[in-house]
1. Within the stretch 121-167, restricting attention to residues that are closer than 19 Å to residue 51 by Cα and among the aromatic types (Phe, Trp, Tyr), which residue is modelled with the highest pLDDT?
2. Restricting to the stretch 330-360, count the residues that are assigned to a helix (DSSP H, G or I) and hydroxyl-bearing (Ser, Thr, Tyr).
3. Out of the strands (runs of 3 or more DSSP E) lying entirely within the stretch 1-73, which hold 1 or more residues that are touching a strand residue (DSSP E or B) at 6+ places or on another chain (Cβ under 9 Å) and basic (Lys, Arg)?
4. Enumerate the pairs (first residue in the stretch 218-246 and surrounded by fewer than 15 Cβ atoms within 10 Å (Cβ to Cβ); second residue anywhere and in a loop (DSSP other than H, G, I, E, B)) with beta-carbon separation below 7 Å, excluding pairs fewer than 6 apart on the same chain, so at least 6 apart or on different chains.
5. Being over 18 Å from residue 312 (Cα atoms) and either under 15 Å from the mean Cα position of the chain (by Cα) or not hydroxyl-bearing (Ser, Thr, Tyr) (or both) is the requirement here; does residue 43 meet it?
6. Do we have any residue at all in the stretch 28-51 that's small (Gly, Ala, Ser), crowded, with 22+ Cβ neighbours inside 10 Å, within 24 Å of residue 307 (Cα to Cα) and out of contact with any Gly (no Cβ under 7 Å at 6 or more places or on another chain)?
7. Inspect the stretch 250-269 for any residue being surrounded by 17 or more Cβ atoms within 10 Å (Cβ to Cβ), farther than 30 Å from residue 55 by Cα and at pLDDT 85 or above and give the result as yes or no.
Amino acid sequence: MRLKQPNLCDPDVRQHSGYVDLDDDKHVFFWYFGSRVRLHPEFKKENDSVPLVFWFSGGPGCSSQIANWQENGPCLYVPSVRFSKDMSDIARKALPHRVERNPWSWNSVADIVYIDQPVGTGFSHGKMPNSTEAATDTAWRTMQAVYAFLQDEASRNGERAIDNMHIFGESYAGRYIPVFTEYLLHMNDQLEQSEDLRQRGFRHLPLRGIGIGNGMFDYALQTPTYYKIGCRSSYPPMFSARQCSILKNTVNPQCIRMLTECYAASKGQSSEGMRREGCVGIEMERWRLRDVSHTMCGRARAWCPTTTSVFLRTSAFVDAVGASSSITYQECSDSIFDLFASTTDEISRSAIVLAGIHPGPTIAGAAV
């Protein structure tokens with residue numbers, strides 16, 4: 001593990017950023033922010049438990065810095081200049097590297113760790129996966145590294161250090177989080193059954209909750225809802241009559257037929273093949289009602305992904321967080337997305353895994 005202590009904003013809280021090395025050629029970037037709760041005069045370290053949140057963005061292949069800088073993190077990048085609507089002049093502008101403290105950050109109530117995974121995502125780097133299996137394997141190995149970190153934290157600082165843990169994410173994290181949760185609970189079960197593991201110092205890791213925002217977890221359940229919500233809800237239609245007809249008569253039947261065949265065969269045609277042959281209409285870019293991202297750029301506390309990415313590529317930022325100078329930050333990696341899309345991972349049914357996660361002896365008060 002290689003660490004830096006950034007001081008870009010929210011300087012009073014404890015921060016660590018850097019890399020966990022899965023191998024000599026695989027390096028996963030993370031950024032930890034301590035909770036502002038710890039700064040309160042009445043906070044008592046020995047008595048008060050602070051939630052610990054691990055955040056995973058989706059994609060697959062999208063950086064968790066999206067959430068960190070544009071959604072729920074402690075810092076907001078605020079450009080003081082406006083750009084043309086098509087952003088064609090952005091490269092010629094000298095961006096002021098100004099950040100502001102986000103008063104609504106989740107670290108107001110919790111410690112939070114943003115993780116870029118799998119390798120090839122965001123600031124995580126190394127030998128790029130050359131197959132789908134390799135790409136999905138680094139996602140699994142990242143979770144195993146998180147598990148090892150938590151065991152080490154519990155060993156060094158006591159079980160109270162990890163007794164209020166949560167896993168949150170969005171989008172393709174609807175695939176990651178259920179299987180990561182299943183893995184943690186499985187390891188807890190193994191620990192209860194193995195005296196050897198307990199003697200070797202392994203500890204029970206109480207997972208208190210998981211949360212998935214706008215998650216992709218079951219195409220068979222979710223695909224039909226595009227038509228129902230967009231065309232047949234109690235609100236005015238979101239799409240034109242022609243678009244609704246395509247969704248109802250072409251996209252939905254073809255997607256459901258292909259999904260059914262894939263589920264029955266367990267393996268079969270790739271999800272990329274499904275997208276090309278029958279499910280292309282379900283792509284969000286095609287059905288987006290309005291792209292507001294450019295119109296918001298330059299406004300105070302506005303979401304502006306393009307300018308934020310430029311800021312995250314600056315040498316000053318890269319050095320401050322200990323990121324590798326040999327890579328160019330991208331919010332989302334097309335290469336990683338394509339690798340995942342070339343397998344059935346994208347259409348695997350995480351809803352089935354979610355159904356098996358419930359409050360019990362190994363996950364108390366879980367909110368799914």
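The values are calculated or read from the model by the stated rules, or taken from the named source; none is laboratory data. Predicted, not measured: the structure shown is a model, and the values here were computed from it. Cβ atoms come from the backbone with ideal geometry, glycine included; neighbour counts cover every protein chain shown.
1. 147
2. Qualifying residue count for the region: 3.
3. 2-4, 26-33
4. Between residues of the stretch 218-246 that are surrounded by fewer than 15 Cβ atoms within 10 Å (Cβ to Cβ) and residues that are in a loop (DSSP other than H, G, I, E, B), the close pairs are 238/289.
5. Answer is yes for this residue.
6. no
7. Scanning the stretch 250-269, I find no residue that is surrounded by 17 or more Cβ atoms within 10 Å (Cβ to Cβ), farther than 30 Å from residue 55 by Cα and at pLDDT 85 or above, so the answer is no.
Results for (1) at positive phi; (2) over 18 Å from the mean Cα position of the chain (by Cα); (3) aromatic (Phe, Trp, Tyr), shown as yes or no for each residue.
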| site | (1), (2), (3) |
| --- | --- |
| 152 | no, yes, no |
| 176 | no, no, yes |
| 182 | no, no, no |
| 191 | no, yes, no |
| 194 | no, yes, no |
| 212 | no, no, no |
| 217 | no, no, yes |
| 225 | no, yes, no |
